[in-house]
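To start, the structure itself, in structure tokens.
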């Protein structure tokens, strides 16, 4: 039986004492025991929180994919297992040093897993024209229920998307001429600016014409760029030097990178290339051109799509006057619509250009999903598991422990739902829930084993 040492009252109660004396005695005993539990929680939790921060820092510095934290989690799991065996050999579960050491290793194991988002397993950096195979080890989808409670705002009335045919269907010169026409159409019809979800690494004889058109347009013109992969590192692949004078990297180019997670779904994009503040994403360029520099720009953006999709106009439809009129007072985002450029997102399957548009919208509105600091995961794991340990120490019946654990699980789920609905904060609850239920199972099994002796 798991026991908590309690202070004893020096005074003995009189057999003639009334109900009030008994009530006061019980309340005093409860108060003393609560103080002891609080002191134990503080003395145990604060050093663990400090150690957890160190382990999270080590994990961040040494891993580039969530699954790589295994090198840290496996030794921690082995240590927790060995300590549990020591606890079982003691013949009874008490809050003695072996159990406290086991408890600390157990909590840190789940807290580090939560901080590293271990269940995400893998995040592949892509240029929105690639795809990766699904990975059955990924459990990212298990948290996507939050998107069902996520509030979504109305579609912006000053942004629209123009889609073009795949680049393979046109010659190099035809593709360049299409860009020239689009810039002219945007400028002539009063667009607020234009951005291309393209990268132009090949030099063309029409590049001087593009530069001349950009100079005459009088509106912001942005273009994307991609990257080259070198083993575990990446480097920017800028556009052709013939466009550098009119579309310089420092002011007019934005990267087109995003993350496809192990379940082949796009949920986030890095807003700065390799964390460099002077290398923003195309969506950042668009948002800053429309709103100025006073924007909250997180390193990794979990975008939120508007309630209705952006207005999409096909390039061929711009031959009609009514379609051209729709460009007025809108920022135009141009991209390809093809099978290779379609991606699964929490908001449906969309072309890559829509992901950039959604990201720019999220930045402009400040309406995107936030991830709480890593110590929040530690607080949840520690708090729930400490509660289970104390209740088991009081020898609560298994049925009552199950009811309390189910109630705590429902409360955590409700808190996570409210956090997403009210503040758009993503609380990772799978790790504390698994930690709490697994610990409950271990304690109940061991209590049952002891009762059979």
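Side notes on the structure shown:
- Among the residues of the range 410-421, none qualifies, meaning not one is within 18 Å of residue 111 (Cβ to Cβ), under 22 Å from the mean Cα position of the chain (by Cα), outside any helix (DSSP H, G or I) and in the same structural domain as residue 107 (by TED's automatic domain parsing).
- One residue from 86, 42, 58, 132 being under 28 Å from residue 227 (Cα atoms) and modelled with pLDDT of 75 or more: 58
- Of the set (1) modelled with pLDDT of 75 or more; (2) surrounded by 19 or more Cβ atoms within 10 Å (Cβ to Cβ); (3) in contact with a strand residue (DSSP E or B) (Cβ under 9 Å, 6 or more places away or on another chain), all apply to residue 112 but (3).
- Close pairs (9 angstrom Cβ cut-off, 6 or more residues apart or separate chains): without any contact (Cβ under 8 Å) to a residue 12 or more places away in the chain in the range 64-80, assigned to a helix (DSSP H, G or I) and loosely packed, with under 12 Cβ neighbours inside 10 Å anywhere: 68/62; 71/62
- Yes/no for residue 334 being over 23 Å from the mean Cα position of the chain (by Cα), outside the structural domain of residue 109 (by TED's automatic domain parsing), crowded, with 17+ Cβ neighbours inside 10 Å and not in a helix (DSSP H, G or I): yes
- The range 300-330, residues that are under 17 Å from residue 256 (Cβ atoms) and crowded, with 18+ Cβ neighbours inside 10 Å: 301, 303
Yes or no, residue by residue, for (1) closer than 15 Å to residue 110 by Cβ; (2) in contact (Cβ under 8 Å) with a residue 24 or more places away in the chain:
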| residue | (1), (2) |
| --- | --- |
| 359 | no, yes |
| 390 | no, yes |
| 397 | no, no |
| 425 | no, yes |
| 434 | yes, yes |
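- Residue list for the range 284-317, filter: out of contact with any strand residue (DSSP E or B) (no Cβ under 7 Å at 6 or more places or on another chain) and either outside the structural domain of residue 223 (by TED's automatic domain parsing) or outside any loop (DSSP other than H, G, I, E, B) (or both): 287, 288, 291, 316, 317
- Some residue of the range 151-168 being in the same structural domain as residue 300 (by TED's automatic domain parsing), over 19 Å from residue 350 (Cα atoms) and at pLDDT below 80: yes
- Considering the range 242-256, the residues that are assigned to a loop (DSSP other than H, G, I, E, B) and touching a helix residue (DSSP H, G or I) at 6+ places or on another chain (Cβ under 7 Å) include one that is farthest from residue 334 (Cα to Cα), namely 245.
- Those residues of the range 173-209 which are more than 39 Å from the chain's Cα centre (by Cα) and under 14 Å from residue 242 (Cβ atoms), in sequence order: 173, 204, 205, 206, 207, 208, 209
- Selection over the range 216-241 of residues that are surrounded by 11 or more Cβ atoms within 10 Å (Cβ to Cβ), modelled with pLDDT under 95 and not in a strand (DSSP E or B) gives a count of 3.
- When 377, 362, 389 are checked against the criterion of being part of a helix (DSSP H, G or I) and at pLDDT 95 or above, a single residue qualifies: 362.
- For the range 270-299, filtered to residues that are under 13 Å from residue 250 (Cα atoms) and more than 21 Å from the chain's Cα centre (by Cα), the residue that is surrounded by the fewest Cβ atoms within 10 Å (Cβ to Cβ) is 278.
The values are calculated or read from the model by the stated rules, or taken from the named source; none is laboratory data. Just so it is clear, the model here is predicted, and its values are computed rather than measured. Here Cβ is always computed from backbone atoms with ideal geometry, including for glycine, and neighbour counts include all displayed protein chains.
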